[in-house]
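S.K.: Structure incoming, see below.
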Amino acid sequence: MVHKYVASAPGKVNLHLGVGEARADGYHELVSVFHAVDRRERVTLIASDTMTDGPIVRSMSTTFFVDTPDEDIDGPGNLAWRAVDAVATRAGVALPEVRIEVDKHVFVAGGMAGGSADAAAALVAANALVADYGTPLDDDTLLALAASLGADVPFSLMGGTALGTGRGDELVAMLSRGRLHWVFVNPKVGIPTGKAFSLLDDMRHNNATLVPHLNTQALSQALTTGDATRVAAAMHNDLEGPALAMRPQLARLLDVAADAGLRAMVSGSGPTVAVLCDSLEHAQWVADHLAEHFDGYEVFVAEGPDQGAVVENVF
Ligand code: ATP
């Protein structure tokens, strides 16, 4: 009998991304406001009849509902693969070998934490598998495994809207009212996350006015009012400067998107541009407008906040 465990986890946008000093471990101190959107990754574990005590993943394959990247991402380095084996190893019981299938709806290397969402969905799917053969891991253990896989994975597990400090993985939920409507645009100009951070360090070294923005008070007040115009005014991303310096073509996209929506900003380290709108209808109009102006760019509409990683189905 085949057993399948299906889970999903959200993509995210940073409503605020303040980058502080580089730490001794190479990470920067962050003050980040994460916001999960209903563009979700789906991860399915397909159990075989063969039981094993060690790592359980035998293969994986990704189906792309966004542009397929040049690199082959299916392998032991994939965050979903690592997440499943981390849960299996920690559980310490014999489990069936599995194949992983990922439905990818979040842009790859886009600054929307798609890989982290795969990891979070894989963690909860693997824990549902463990529950069929032994005692599932508790929430704190899953959260610790998430943090060991990547700085954004704990938020993908948690969802909603949250303030992240430290590497961005020390989280506290934030109050917010109502729904925010978004358009996401992938301008298809890769930005390696590490390069965006090191360019910011260089830019600050040469320009003393480029200080870290670590205060999220105005944003947090705007979120509690549910007024999208106020949220739009309070959004900020310290990595937008480096993204624009590396990919100057982003400037036109940001200009056209800002004219059409309430506010346009680079998401995380980019290159995805997130456009905040004031209703679903407005977002759909903005999406059509941008698709018309930027031939070949990928565009989708989403809303938030959305829930974190959940098991959707076991059968
Ligand atoms: P973040 O917003 O957290 O910086 P991102 O959305 O920019 O992340 P991802 O799509 O998560 O970037 O992945 C970036 C790189 O990580 C990929 O280019 C790939 O080499 C590797 N990777 C590992 N696991 C995955 C995965 N499950 N999906 C996509 N890429 C993955």
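S.K.: State which residue is nearest to the ligand (Cβ to nearest atom) when the search covers only the stretch 253-273 and only residues that are buried (at least 24 other Cβ atoms within 10 Å of the Cβ) and β-branched (Val, Ile, Thr).
M.R.: Thr272
S.K.: Taking helices (runs of 4 or more DSSP H) that do not extend beyond the stretch 109-170, which have at least 3 residues that are closer than 26 Å to Ala24 by Cα and over 13 Å from the mean Cα position of the chain (by Cα)?
M.R.: 139-149
S.K.: Note down all Cβ pairs under 8 Å where the first residue falls in the stretch 291-315 and is over 26 Å from Ala80 (Cβ atoms), the second is among the small types (Gly, Ala, Ser), and they're at least six residues apart or on different chains.
M.R.: Final answer for the pair search is Tyr297/Ala291.
S.K.: A follow-up question, please. Within the stretch 78-100, track down each residue that is near the ligand (Cβ under 8 Å from one of its atoms) and in a loop (DSSP other than H, G, I, E, B).
M.R.: Listed by number, the list holds a single entry, Asn78.
S.K.: Right, something else. Let me spell it out: the conditions are (1) among the charged types (D, E, K, R); (2) free of Cβ contacts under 8 Å to residues at least 24 places away in the same chain; (3) within 15 Å of the ligand (Cβ to nearest atom), and Asp103 meets all of them except one. Which number is the exception?
M.R.: It is condition (2) that Asp103 fails.
S.K.: Here is a follow-up. Only residues that are among the acidic types (Asp, Glu) and not in a loop (DSSP other than H, G, I, E, B): list them for the stretch 296-315, please.
M.R.: Glu298, Glu303, Glu312
S.K.: If we keep just the residues of the stretch 175-231 that are under 29 Å from Ala22 (Cβ atoms), of a type in the set (D, E, K, R) and without any contact (Cβ under 8 Å) to a residue 60 or more places away in the chain, which is surrounded by the fewest Cβ atoms within 10 Å (Cβ to Cβ)?
M.R.: Only one residue tops the list, namely Asp202.
Since every read-out is calculated from the coordinates, none of them should be taken as a lab result. These figures come from a predicted structure and were not determined experimentally. Note that each Cβ is placed from the backbone with ideal geometry, even for glycine, and that neighbours are counted across all protein chains shown.
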